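Please treat every number below as a calculation from the coordinates, not as lab data. Keep in mind it's a predicted model, so treat the numbers as computed, not measured. Cβ: placed from backbone, ideal geometry, glycine included. Neighbour counts: every protein chain shown.
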């Protein structure tokens, strides 16, 4: 289903469902990753999100595995022109560089990312985590240079507070620099704080595209967790137990299952449709480790929740 939305006011036309690349080189080896990427494109998707730091948390990895897999897939398929590619720089944990968003880190980061991806320009380049130790005029200055040089088409921010996001935009405006045009917060039915309120106000006021991550609450909102049953044998199950296996989480799942049954959809599809229906949001990011999972998450595109269903879910997640 080749539905496209404009990503904020950037001119980028993207799928309402962005494929997250955090699993490539982790729970999804290269062959499986190619299958997932093929299935996503065949289902009408065009927006792929990754980062330099994916996936350093896996023993034996050195970082950049996801970008490298995507790069080899792009070369094999020859479809770069049809896709919007997003990556990120500056998150703690990248063994190739110090954490942070100073000039040297950003310069090294874009060069390494372009090399691993095998492309000449990144469509959307995120400052992955705010760096209070580096002056914003330095960060925004070098990021703006990357746009001027054609290495990056559009700038965005992830994991920034509302205040720092607004300040970064003000710095860019003051110095006539390219500014952030996108924002990637942690947001789903159970996690609202990073977007709702001041950050969302900044995004709406400035016309930023919003692409939240962890939209399925690390898998909790897919419906595979059941009260009284053993946890699934997944890498994320432990964290989910600590955060979501409580009265609030189970109550939300009950409503989610009710709406899913009425829609003839899965809980994951309803969860994603709820995110995509929010007016400030351009698209939802979700990952998959098999073509079957791709088919499921892409089934959320075009799923129309009624206003009453959306509101009921919204209330249940608070």
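Measuring r between the beta carbons of residue 30 and residue 247 and using R0 = 41 Å, the FRET efficiency lands at 0.50. Normalising the average separation of contacting C-alpha pairs (under 8 angstrom, six or more residues apart) by the number of residues puts the relative contact order of region 262-318 at 43 percent. Gain on full extension, evaluated as 0.36 nm per residue between residue 226 and residue 254 minus their Cα-Cα distance, stands at 9.1 nm. Per-peptide packing, taken as the mean over residues of other Cβ atoms within 10 Å, places 146-159, 116-129, 193-206 in the sequence 116-129, 146-159, 193-206 from highest down.
Against the chain, whose longest principal axis is taken from its Cα atoms, helix 30-42 shows a tilt of about 80°. One chain, two ends: residue 72 and residue 261. Fully extended at 0.36 nm per residue, the span grows by 64.0 nm beyond their Cα-Cα distance. Among 287, 172, sorting on how many other beta-carbon atoms sit within 10 Å of each Cβ, with the fewest leading, yields 172, 287.
For the peptides 182-192, 53-63, residues were scored by their other Cβ atoms within 10 Å and the scores averaged per peptide; the highest-first order is 182-192, 53-63. Extending 7 Å from the Cα toward the beta-carbon at both residue 304 and residue 205 defines two label points whose distance is 3.4 nm.
Secondary structure note: in the chain, about 10% of the DSSP beta bridges are antiparallel. Roughly speaking, what is the centre-to-centre gap between region 1-74 and region 161-206 when only Cα atoms are used, to the nearest Å? Region 1-74 and region 161-206 have Cα centres spaced 23 Å from each other. On C-alpha positions alone, give me the angle between the axis of helix 65-77 and the longest principal axis of the chain, in degrees, nearest 10. Taking the Cα atoms of the chain, the angle to 65-77 is about 90 degrees. In the chain, the longest principal axis of the Cα atoms and the axis of helix 247-263 are about 80 degrees apart.
Calculated FRET efficiency, residue 98 to residue 58, Cβ-Cβ distance, R0 = 22 Å: about 0.55 to the nearest 0.05. Taking every C-alpha pair closer than 8 Å and separated by at least 6 residues, the mean separation divided by the residue count of the chain gives a relative contact order of 19 percent. Using C-alpha pairs under 8 Å with a sequence gap of at least 6, the mean separation divided by the residue count of region 1-123 gives a relative contact order of 23 percent.
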